[in-house]
Amino acid sequence: MPSVKNETKLAQIKEDLEGAGAVWVVDACGLTVKETQALRQAVREAGASMKVYKNTLMHIALADAELPTLDDMLHGPSAFVFAGDDVAAAKAVKEFSKTNETLEIKGGLMEGAAVSAAEVEAIASLPSREELYAHIAAAINGVAQGLATAINGVPRGLAQVTKAVADQKEAA
């Protein structure tokens, strides 16, 4: 019979899973308290949360939610980053792992599918939502500017031709 404490934790994990678009699994073993706090802060700024749960409870919660159980990642000490914005959270974890070699990205879960550590790093290299919006706005602006120049060129050309004809008639 499972303990009340484990049932409470299991319900909390299920709630975290429901609210997350992605879950990144990291090994934060070896980080100091200050480094762990800095990692949590970086993750929080990315709109995510980092929690430590027992691997067996996470396995049960994933199985109950009919998600991949991530058995190959759930070994040893694990921390779980529950992300609302997948890319921002992956970037935060990747940036922190660059400065702290003790942090290891094990992989994760995104849109109901398991992803490897290499895939998490590839996701982290994607541009953020704001950067994509800026690229789209720049493309639209470029097209609009080109269209305005082309439309403005027709009357300008007509005016130049008319002036040239008038100059020819004055000279003749």
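The values are calculated or read from the model by the stated rules, or taken from the named source; none is laboratory data. From a predicted model like this one, the values you see are computed outputs, not experimental measurements. Quick note on the areas: whole protein, heavy atoms, side chains included, nothing else; ligands and nucleic acids left out. Shrake-Rupley method; radii C 1.70, N 1.55, O 1.52, S 1.80 Å.
How much length is gained if the chain between S3 and R156 is pulled fully straight, taking 0.36 nm per residue apart and subtracting their Cα-Cα distance, in nm to one decimal?
46.9 nm
How big, on average over all directions, is the shadow cast by the Cα convex hull of the chain, in nm²? All intermediate terms of the calculation are to be shown ahead of the outcome.
On the way: hull surface 62.6 nm².
That works out to 15.7 nm², a quarter of the Cα hull's surface.
With θ set to phi - 60° and the Karplus curve 6.51 cos²θ - 1.76 cosθ + 1.60, what are the ³J(HN,Hα) couplings of the range 147-159 in order, to the nearest whole Hz, using x for Gly and Pro?
5, 5, 5, 5, 5, 5, x, 5, x, 4, x, 4, 5
For the chain, what does the helix formula give at 222 nm: sum of -39500 (n - 2.57) over DSSP H segments with n ≥ 4, over the residue count, nearest 500 deg cm²/dmol?
Working: 6 runs with 103 residues, N = 172.
So the helix-based figure for the chain works out to -20000 deg cm²/dmol.
Convex hull volume of the Cα atoms in the range 40-98, per residue, in Å³?
92 Å³
Defining a contact as two alpha carbons under 8 Å apart and six or more residues distant in sequence, what relative contact order in percent does the chain show?
On the way: 209 pairs, mean separation 43.9, N = 172.
Relative contact order comes out at 26 percent.
Based on the inverse mean of 1/r over its pairs of different Cα atoms, what is the Kirkwood hydrodynamic radius of the range 1-57, in Å?
Mean inverse Cα-Cα distance, inverted, gives 12.9 Å.
What is the percent carbon and sulfur in the accessible area of the chain, measuring with a 1.4 Å probe over the protein chains and ignoring ligands?
Exposed carbon and sulfur together represent 59 percent of the surface.
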